[in-house]
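For reference, the structure is listed below as structure tokens.
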Amino acid sequence: MNITHAYAAQDAKAKLAPFDFKPRELRAHDVQIEVLYCGVCHSDLHTARNEWRNTIFPVVPGHEIVGRVTAVGAHTHNYKVGDLVGVGCMVDSCRSCPSCQEGLEQYCENGFVGTYNGEDRETKAITYGGYSTSMVVDESFVLRVPENLDLAGVAPLLCAGITTYSPLRHWNVGPGKKVGIVGLGGLGHMGVKLAHAMGAHVVLFTTSPSKIEDGKRLGADEVVISKDADQMAAHTNSFDFILNTVAAQHDLNPFIALLKRDGNMTLVGAPEHDHPAPQVFNLIFKRRSIAGSLIGGIAETQEMLDFCGKHGITSDIELIAMNQINEAYERMLKSDVKYRFVIDINTLREESAA
């Protein structure tokens, strides 16, 4: 099999730089994919810099992947050469535990295999991600991408899209529901788009007045400046569901107070330090709840892609060349992107051929 060109971090302090590796030989149910676009997730940065203390170097990040099938294994039934496909955050799981049996592979009791920085169940080799020209993935963890969508804009759906879609679906967001989205970043802007398409009344919470116009463009019916106590108080006891996408430590109590009886706030942002504990009475007296949610299973991710295809939903992106990735990481730390960087992997092919 041909050598795959990629960008990798060699240690926690190193910038990402060119790196070649040989992907595994095709197994019976594998799909070989020519990577076209790969989104840049904050998890990529955390992993490249070993901020979660679990990185195995060298690491090739990338789990928001869109590409074309270039070869299939002998017993692959779902895909053929030329198909447009995607790969998200997982490339395998145990497939036998209760969660896997229910199509919730992201909660695999034996641990799913990450698209990168994971360990192959058969060979124990470390997985490399989508900052690369090609991949080999088991067909059970490959997804069909709608042909009608902008492919670069599709890439972030494989993480940011499913991370917000899954809790919205789980908590039955739809017509007649009042839904809050906290934060307007890579996750939050997808939450606004998806909740709007589901038919909910969508309220965006942001600390930045400069984001009011953009929030409404993306589908918010109202925008609340969360630092304004009067604006917040006007919505007390009125939300069926709040999706909190903020990945920085903050006080959850002002948002909990906005939930109706039996309302829920689900957290999908992963802060470096935990939020302060919420006030218990704020929960008890309205039977309110706080939950967390992790990406989505393969079937639900396919459902999300089909939903986005039907409604014409993609991520708002800034397309970059592969050699701009280190600059993009620094800009991402400053929230200087609207709303997701996506790498054009053809620029990596051109760079490698030069």
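Structure notes:
- Criterion applied to 128, 79 was being touching a strand residue (DSSP E or B) at 6+ places or on another chain (Cβ under 9 Å) and open to solvent by less than 30 Å² (accessible area, probe 1.4 Å), and the one residue passing it is 79.
- Residues (farther than 14 Å from residue 160 by Cα and either open to solvent by less than 30 Å² (accessible area, probe 1.4 Å) or of a type in the set (Phe, Trp, Tyr) (or both)) located in the stretch 300-314: 307, 309
- If you go through the stretch 332-350 and keep only what is assigned to a helix (DSSP H, G or I) and either crowded, with 16+ Cβ neighbours inside 10 Å or of a type in the set (Val, Ile, Thr) (or both), you end up with 332, 347, 348, 349.
- If you go through the stretch 105-137 and keep only what is touching a His at 6+ places or on another chain (Cβ under 9 Å) and in a loop (DSSP other than H, G, I, E, B), you end up with 115, 116, 129, 130, 133.
- Qualifying residue in the stretch 56-70 (condition: over 24 Å from residue 300 (Cβ atoms) and buried (at least 20 other Cβ atoms within 10 Å of the Cβ)): yes
- Qualifying positions in the stretch 106-125 - closer than 21 Å to residue 166 by Cα, in contact (Cβ under 8 Å) with a residue 24 or more places away in the chain and open to solvent by 30 Å² or more (accessible area, probe 1.4 Å): 107
- Taking the criterion of being modelled with pLDDT of 95 or more and surrounded by fewer than 20 Cβ atoms within 10 Å (Cβ to Cβ), the residues of the stretch 236-263 that qualify are 236, 237, 238, 250, 251, 253, 254, 257, 260, 261, 262.
- Filtering the stretch 213-232 to residues that are open to solvent by less than 60 Å² (accessible area, probe 1.4 Å) and hydrophobic (A, V, I, L, M, F, W, C) leaves 218, 220, 223, 224, 225, 232.
Conditions (1) surrounded by 23 or more Cβ atoms within 10 Å (Cβ to Cβ); (2) within 16 Å of residue 89 (Cα to Cα); (3) not polar (S, T, N, Q), marked per residue:
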| site | (1), (2), (3) |
| --- | --- |
| 132 | yes, yes, no |
| 146 | no, no, yes |
| 159 | yes, yes, yes |
| 162 | yes, yes, yes |
| 165 | yes, yes, yes |
| 172 | no, no, no |
| 176 | no, no, yes |
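- With respect to the conditions (1) without any contact (Cβ under 8 Å) to a residue 40 or more places away in the chain; (2) within 29 Å of residue 94 (Cβ to Cβ); (3) open to solvent by less than 30 Å² (accessible area, probe 1.4 Å), residue 297 falls short on a single one, namely (1).
- Residue in the stretch 192-204 that is within 25 Å of residue 100 (Cα to Cα) and either touching a residue at least 40 places away in the same chain (Cβ under 8 Å) or open to solvent by 10 Å² or more (accessible area, probe 1.4 Å) (or both) present: no
- Residues that are in contact with a strand residue (DSSP E or B) (Cβ under 9 Å, 6 or more places away or on another chain) and not hydrophobic (A, V, I, L, M, F, W, C) within the stretch 255-281 comprise 260, 262, 263, 264, 266, 269, 275, 278, listed in sequence order.
- Odd one out for residue 323, checked against (1) more than 30 Å from residue 50 (Cα to Cα); (2) in a helix (DSSP H, G or I): (1)
The values are calculated or read from the model by the stated rules, or taken from the named source; none is laboratory data. Predicted model only: the values in this text are computed from it and were never measured. Virtual Cβ from ideal backbone geometry, glycine too; neighbours counted across all protein chains shown. For accessibility, only protein heavy atoms count, side chains too; no ligands or nucleic acids. Shrake-Rupley method; radii C 1.70, N 1.55, O 1.52, S 1.80 Å.
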